[in-house]
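The values are calculated or read from the model by the stated rules, or taken from the named source; none is laboratory data. Because the structure is a prediction, the values reported are computed rather than measured. Please note: Cβ atoms are built from the backbone with ideal geometry, for glycine as well, and neighbour counts cover all protein chains shown. Please note that ligands, DNA and RNA were not included when accessible areas were found on the heavy atoms of the full protein model with its side chains. Shrake-Rupley method; radii C 1.70, N 1.55, O 1.52, S 1.80 Å.
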Number of protein chains: 2
Amino acid sequence: MGNIYSDRIEALRSIMAENGWDAVVITGSDPHSSEYPAPRWKQVEWLTGFTGEAGDVVVTADHAGLWTDSRYFIQATTQLEGTGVELHKTRVPGAVPIPQWLADKARVVAVDGLCQSVSAVAGLEEALGEGGLVVDVPDMLQELWVDRPQMPVTPVTTIDVECFGGVPRIDKISWLRKWMLLNGYDKVLLSSLDEVVWMLNVRGSDIEYNPLVISYLLVSQDYVKWFTKKSVTDSGLDPDTLDSFAELKMDGVDVEDYDAVFFALSEDGESGNIFIDPSTLNSHIHRYICGCYPYGSVICGTSPVILEKAVKVQSEIEGMRQTYIDDGVAMERFLHWLETEVASGREVDEWEASERLTAFRSEIPGYRGNSFENISAYGPGAALPHYSTPREGSAIIRPRGLYLVDSGGQYLTGTTDITRTVPMGECTDLEKEDYTLVLKGMIDLSMAVFPRGTAGCQLDALARMPLWRARRNFGHGTGHGIGYYLCVHEGPQSIRYQYNPQPLLPGMVTSNEPGLYREGMHGIRHENIILCREAGISEFGDWLDFETLTCCHIDTSAVVKDILGPEATAWLNAYNERVYRTLAPLLPAETATWLRHKTVSI
Amino acid sequence: MGNIYSDRIEALRSIMAENGWDAVVITGSDPHSSEYPAPRWKQVEWLTGFTGEAGDVVVTADHAGLWTDSRYFIQATTQLEGTGVELHKTRVPGAVPIPQWLADKARVVAVDGLCQSVSAVAGLEEALGEGGLVVDVPDMLQELWVDRPQMPVTPVTTIDVECFGGVPRIDKISWLRKWMLLNGYDKVLLSSLDEVVWMLNVRGSDIEYNPLVISYLLVSQDYVKWFTKKSVTDSGLDPDTLDSFAELKMDGVDVEDYDAVFFALSEDGESGNIFIDPSTLNSHIHRYICGCYPYGSVICGTSPVILEKAVKVQSEIEGMRQTYIDDGVAMERFLHWLETEVASGREVDEWEASERLTAFRSEIPGYRGNSFENISAYGPGAALPHYSTPREGSAIIRPRGLYLVDSGGQYLTGTTDITRTVPMGECTDLEKEDYTLVLKGMIDLSMAVFPRGTAGCQLDALARMPLWRARRNFGHGTGHGIGYYLCVHEGPQSIRYQYNPQPLLPGMVTSNEPGLYREGMHGIRHENIILCREAGISEFGDWLDFETLTCCHIDTSAVVKDILGPEATAWLNAYNERVYRTLAPLLPAETATWLRHKTVSI
């Protein structure tokens, strides 16, 4: 007996026995807490066959378990069959998290400290208590995983901020150094990849969908050291990368080998203190730093880069505005094509639609790839919270009911994210009602005005109230921050039911995406991207509101006007009119004519 | 030179010099952190002449200052004239709180520990740092304040829960004891007066507007000791009080002298631990307890009584419903009278109106007084955040513009609170606009449905959004909890812009009172009282909504229908219709006819 995965787990158990470990914890994270890890770090997938984006594995002498949340229950059940790995459901009533589960089952627990954050390991140590021990074994699976992928080595490019917007890297470095001076920090280590590449105005493609370069950044008042793929001998690097390194050098940034971060940290340990962010720094590096620096000189806090990056500067805002218009052109061409094809009776499936959308996007100048995997889902598929369109055998899009498409592009001048739910023909009353309630929530939030200092969680109820009043709800956040040619999900702001005290600030770009999902029936999400901006000062305060960046019409055929109400209807008509006027000159004549019909006032 | 207050401050300085105190802090609080102190504890007023409800005084050798917030800036400036006391503004940008202000000016600070909470003294100690000392001098002003009022001694009555709703005291005591057992607490000391009288089902009138009895309650598994006005020899107590004490005795409650709490605490100190709530317990008792109990056996936390009291039981809910109808009868009679008088050309001033309203209320069976000082304010007076209607020379209510009346009653079957803003005739466009925007916010919140677990701060934006969208706002909370024949302001829930994680629970009674205030022009507030209740379970969750308890029509003459919108207009029409149908049979015929006209659909 035994399939490939149960064999691998048995092999791991041998290593555990040799070393005297009671348990090991394997995560699917990379050393930089990235949302998507490169293949090298898909350790959970290698060990268990589970391919979901969130899941941690615990192996003991007599148990192997995968901890994952409701998005992956069905997928995990299927993929774990025959592996002997049991599913542990997280975020359900009575769920026992890994640290608490291990507390009475293990004393010595081995983790790959490179792939767990400081905070996660601290939680494990606390649960194990005084008699417990967390052993840090970097690259624990190395000897078993013989064909483990190498570190990705993709070209590094630099951003020309004069052309594409943003702040010159020397100004960002000066800003960070000033922040360090004001706070009394001698060094800062950045390990979150979007923070690193934002600081240096560089981009790569080491990670799917996110234009990142795997690396660490160490900044002092005297130097900026970037630890990345220099280990590929200089002659082995492509010319673009070499040019990028030369440009960085001119701005005082030393490029060193990825692994040289350890030496640099130890070399520096005697002098001064160092600031780190334990929510993203991996535990292995943290332990290493704590060994190099005297007690009390490793200072933990929230990296200031996160907020600075989230507040877009004027040139970035202008880039975003234009990018969302360009992206809207691709979206409208796609929607026109889809409607025409389906109406003609041709059998278009979800996969073909997705590919076609990517093709339209790729015609846009500055396009650098998609910002996440397209969700192209018709009917019941759209109700699955994490639907991944299969290449073969995806559903045919019929001329009735609802089709949902959630997609986005990476462009030199910004990152996009948009969801449209498209009535393909006749819809049921329930589909129309759900469609309209979700839309009303999206519009109510779009129309919000609020005093400076207001956090997204204070506005979340606006997007949900039309649904709530009909006793309906959706299980995800209403809005996430969006990067500038960077990650499509970024903090620190959010618009969520859960508490997050970060105020929305002018220049922040956030999604507005309420939804509704009925298993086996339909899924609806309307997503626009909104820019927080100043909205005047009155005797009653200092006001902010949202500018909608997304420029793509919202189909009115499934709208129930009585439910939407006059105010939201007026907003919708004005929005669709603006979309038409903005895009018509940029569209093929036939598509422009079609868009005129789609945007007629209701 | 010197007026009466500067003389008193000089006398206090002599005491300070004798004792070697660098500074003293005098507060306006009583030993129970009550919202309104009895006259005996109006120490700030006695020392400085300032009569505002919030204000603390600091005296040093060369400075005397009053710290108060914006509600009292004008009043304080007037009242402090000639006293030598300087106004320190709190809650303004750059404001320095008392502890921080004292930090570099004093080493030894004397406080009346009876009149400061544990938390407040802890804050002061922290600010003074290691070299500092906070000396606890109970009744510090005693020797100077020769005619200081005595402790109030008002009759104590018991609540017949069979008749008037609520839970029998023996059940409440059992509940508290179970909570103590589950948490491992041997004793609980309650000092917040509404918690004490709620536990015992007793009421008094020691404090204006609040039916409280000044006392402490000490509960163990073996005894319940109530420390109150027994020092008035039994023969000096009125028959009702003696009956109440006898009834309590039968339920196992020992009544002892107010000051006997110290002896009881010291007697008990050797055995077990004690639970206290430092947010309301005074510092003097806390220090005393810490001297009696071993280190580590004084446990601080949030009193469980606060939440238990806030969640009304079925009989209380029924009592509240009827009480708000009765209160509505008084309100409608008053509003009819007011409109008729003013229309007739007679000069009714704010004071007369206020008195007349109280007269109507006092005709209701079960009426036990007002629940706070009536706010009866016409025109610009209503814009003052803390307007107190003067007996002499109050404004005449003219047949134009807006009149605001915020009032409430104490009844055996509940406490009421209602604000109506009444258009007395022609209103300006701005008055109508403001009136309608505030009303729309009140209605939008009334219509909310939300999942179990939602806190008031997540709904606050609903009540403000119509104003926010017009760049207008109000500076107070949207809603506070309301007691059952108890304090008109109670926690733990609130509906506020500020974070308060307490979820709204079925059975909680909260106000819904957005407003708008334009200095020199007009003030508007619409206040209904809303009961949180269950609203069904769907596949998407477990739902709660609000039932409006307040039963008094809302004037439609100043409503701008286009601003209110169809949904809120429908709510308003249905509400007014319900008010009419409920109250008409209970009103004098003429008033019922008048109300029919006032509640015609718009």
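Side notes on the structure shown:
- Elements of type helices (runs of 4 or more DSSP H) contained in the stretch A:140-207, each with 3 or more residues being open to solvent by less than 20 Å² (accessible area, probe 1.4 Å) and touching a residue at least 12 places away in the same chain (Cβ under 8 Å): A:169-183, A:193-200
- The requirement of being in contact with a Ser or Thr (Cβ under 8 Å, 6 or more places away or on another chain) and within 24 Å of residue A:327 (Cα to Cα) is not satisfied by residue A:460.
- Conditions (1) at pLDDT 95 or above; (2) surrounded by fewer than 21 Cβ atoms within 10 Å (Cβ to Cβ); (3) in contact with a Gly (Cβ under 9 Å, 6 or more places away or on another chain); (4) outside any strand (DSSP E or B): number failed by residue B:501: (3)
- Positions within the stretch A:446-464 being more than 8 Å from every other protein chain (Cβ to nearest Cβ) and either within 24 Å of residue A:415 (Cα to Cα) or part of a strand (DSSP E or B) (or both), in sequence order: A:446, A:455, A:456, A:463
- Residue match in the stretch A:325-341 (condition: over 25 Å from residue A:507 (Cβ atoms), touching a residue at least 40 places away in the same chain (Cβ under 8 Å), open to solvent by 10 Å² or more (accessible area, probe 1.4 Å) and charged (D, E, K, R)): yes
- Only one of the numbered conditions (1) part of a strand (DSSP E or B); (2) touching a residue at least 60 places away in the same chain (Cβ under 8 Å); (3) more than 28 Å from the chain's Cα centre (by Cα) is violated by residue B:275, and that is (3).
- Test: residue in the stretch B:356-373 that is of a type in the set (Lys, Arg), more than 19 Å from residue B:438 (Cα to Cα) and open to solvent by less than 20 Å² (accessible area, probe 1.4 Å): yes
- Given (1) crowded, with 23+ Cβ neighbours inside 10 Å; (2) not in a helix (DSSP H, G or I), number of the condition residue A:35 does not satisfy: (1)
- Residue match in the stretch B:201-218 (condition: closer than 23 Å to residue B:408 by Cβ, of a type in the set (Phe, Trp, Tyr) and within 28 Å of the chain's Cα centre (by Cα)): yes
- Identity of the residue in the stretch A:465-482, part of a helix (DSSP H, G or I) and open to solvent by less than 10 Å² (accessible area, probe 1.4 Å), that ends up nearest to the other protein chains (Cβ to nearest Cβ): A:468
- Looking across the stretch A:299-319 at every residue that is open to solvent by 50 Å² or more (accessible area, probe 1.4 Å) and among the polar types (S, T, N, Q), the one that is farthest from residue A:483 (Cα to Cα) is identified as A:302.
- Residue match in the stretch B:519-536 (condition: surrounded by fewer than 18 Cβ atoms within 10 Å (Cβ to Cβ), touching a Lys or Arg at 6+ places or on another chain (Cβ under 8 Å) and within 14 Å of chain A (Cβ to nearest Cβ)): yes
- Hits in the stretch A:138-156 (condition: farther than 16 Å from residue A:112 by Cβ and in contact with a Lys or Arg (Cβ under 8 Å, 6 or more places away or on another chain)): A:150, A:152, A:153, A:156
- The residues on offer are A:437, A:486, A:412, and the sole one that is within 14 Å of another protein chain (Cβ to nearest Cβ) and modelled with pLDDT of 95 or more is A:437.
- Number of positions in the stretch B:558-578 that are within 14 Å of another protein chain (Cβ to nearest Cβ), free of Cβ contacts under 8 Å to residues at least 40 places away in the same chain and open to solvent by less than 10 Å² (accessible area, probe 1.4 Å): 1
- In the stretch B:392-445, the residues that are in a helix (DSSP H, G or I), open to solvent by 10 Å² or more (accessible area, probe 1.4 Å) and closer than 25 Å to residue B:533 by Cα: B:440, B:444
- In the stretch A:126-139, the residues that are open to solvent by less than 70 Å² (accessible area, probe 1.4 Å) and part of a loop (DSSP other than H, G, I, E, B): A:129, A:131, A:132, A:137, A:138, A:139
- Residue check, residue B:353 closer than 30 Å to residue B:580 by Cα, crowded, with 17+ Cβ neighbours inside 10 Å and not charged (D, E, K, R): yes
- Filter pass, residue B:602 being among the aliphatic types (A, V, I, L, M), open to solvent by 20 Å² or more (accessible area, probe 1.4 Å) and not in a helix (DSSP H, G or I): yes
- Taking the stretch A:279-293 as the range and being out of contact with any Asp or Glu (no Cβ under 8 Å at 6 or more places or on another chain), surrounded by fewer than 19 Cβ atoms within 10 Å (Cβ to Cβ) and not hydrophobic (A, V, I, L, M, F, W, C) as the test, the residues that pass are A:279, A:291.
- Taken over the stretch B:537-555, the residue count meeting the criterion of being away from chain A (no Cβ under 14 Å) and buried (at least 20 other Cβ atoms within 10 Å of the Cβ) is 7.
- Single unsatisfied condition, residue B:354 versus (1) in contact (Cβ under 8 Å) with a residue 60 or more places away in the chain; (2) assigned to a helix (DSSP H, G or I); (3) under 20 Å from the mean Cα position of the chain (by Cα): (1)
- Output for the stretch B:483-498, where each listed residue is open to solvent by 30 Å² or more (accessible area, probe 1.4 Å) and not in a loop (DSSP other than H, G, I, E, B): B:492
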